[in-house]
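The values are calculated or read from the model by the stated rules, or taken from the named source; none is laboratory data. Predicted, not measured: the structure shown is a model, and the values here were computed from it. Cβ placement follows ideal geometry from the backbone for every residue including glycine, while neighbour counts extend to all protein chains displayed. SASA here: full protein model, heavy atoms, side chains in, ligands and nucleic acids out. Shrake-Rupley method; radii C 1.70, N 1.55, O 1.52, S 1.80 Å.
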Amino acid sequence: PVRLPTSLVEGLLIQTTVPIYPPVAVASHTEGTVVLQATISRSGTIENLRVVGGPIMLQQAALNAVQNWRYRPYLLNGDPVEVETTVNVIFKLQ
């Protein structure tokens, strides 16, 4: 896969799912950014999603949300290619 920076891949994002804030994290006032490593397939779906870092209480919620995200395929010389990138999911209480 082609390695791309988060800032470039964000421009290809066409569908997101907002993460559900875990009640235990709300009760404990846990905020933070969960960093995920992802492979975006040639068709724009997420594959090989894994946690790189972030608050443990928020990691599963981030995985559940990002698993459903969809991207426009990244084209290299006119052909869609797999892309490796990081995804940052920010959890902030209102």
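Looking at 47, 84, which one is charged (D, E, K, R) and at pLDDT below 95? Outline the logic, then answer.
Working: 84 fails: at pLDDT below 95.
Selected residue: 47, the only one of 47, 84 that is charged (D, E, K, R) and at pLDDT below 95.
For the range 1-26, which positions are open to solvent by less than 60 Å² (accessible area, probe 1.4 Å), without any contact (Cβ under 8 Å) to a residue 60 or more places away in the chain and part of a strand (DSSP E or B)?
Listed by number, the list holds a single entry, 13.
Report whether or not residue 61 is in a strand (DSSP E or B), touching a residue at least 40 places away in the same chain (Cβ under 8 Å) and among the small types (Gly, Ala, Ser). Walk me through it before giving the result.
Working: in a strand (DSSP E or B): no; touching a residue at least 40 places away in the same chain (Cβ under 8 Å): yes; among the small types (Gly, Ala, Ser): yes.
No: the conditions fail for residue 61.
Among the residues of the range 27-40, are any in a loop (DSSP other than H, G, I, E, B), open to solvent by less than 50 Å² (accessible area, probe 1.4 Å) and in contact with a strand residue (DSSP E or B) (Cβ under 7 Å, 6 or more places away or on another chain)?
Looking only at the range 27-40, we keep the residues that are in a loop (DSSP other than H, G, I, E, B), and these are 28-31.
Checking which are open to solvent by less than 50 Å² (accessible area, probe 1.4 Å) leaves us with 30.
Of the ones still in play, those that are also in contact with a strand residue (DSSP E or B) (Cβ under 7 Å, 6 or more places away or on another chain) are none.
Scanning the range 27-40 turns up no residue that is in a loop (DSSP other than H, G, I, E, B), open to solvent by less than 50 Å² (accessible area, probe 1.4 Å) and in contact with a strand residue (DSSP E or B) (Cβ under 7 Å, 6 or more places away or on another chain).
Residues in the range 70-94 that are in contact with a Phe, Trp or Tyr (Cβ under 6 Å, 6 or more places away or on another chain) and open to solvent by 40 Å² or more (accessible area, probe 1.4 Å): how many?
Adding up the residues that qualify gives 0.
In the range 46-69, which residues are open to solvent by 40 Å² or more (accessible area, probe 1.4 Å) and over 15 Å from residue 90 (Cβ atoms)?
Residues satisfying the conditions are 47, 48, 50, 56, 60, 64, 67, 68.
When both residues are 6+ apart or on different chains and their Cβ atoms are under 7 Å apart, which pairs have a first residue that lies in the range 65-81 and is more than 20 Å from residue 36 (Cα to Cα), and a second that is part of a loop (DSSP other than H, G, I, E, B) and open to solvent by less than 80 Å² (accessible area, probe 1.4 Å)?
Close Cβ pairs (under 7 Å, with a partner that is part of a loop (DSSP other than H, G, I, E, B) and open to solvent by less than 80 Å² (accessible area, probe 1.4 Å)) amount to 80/73.
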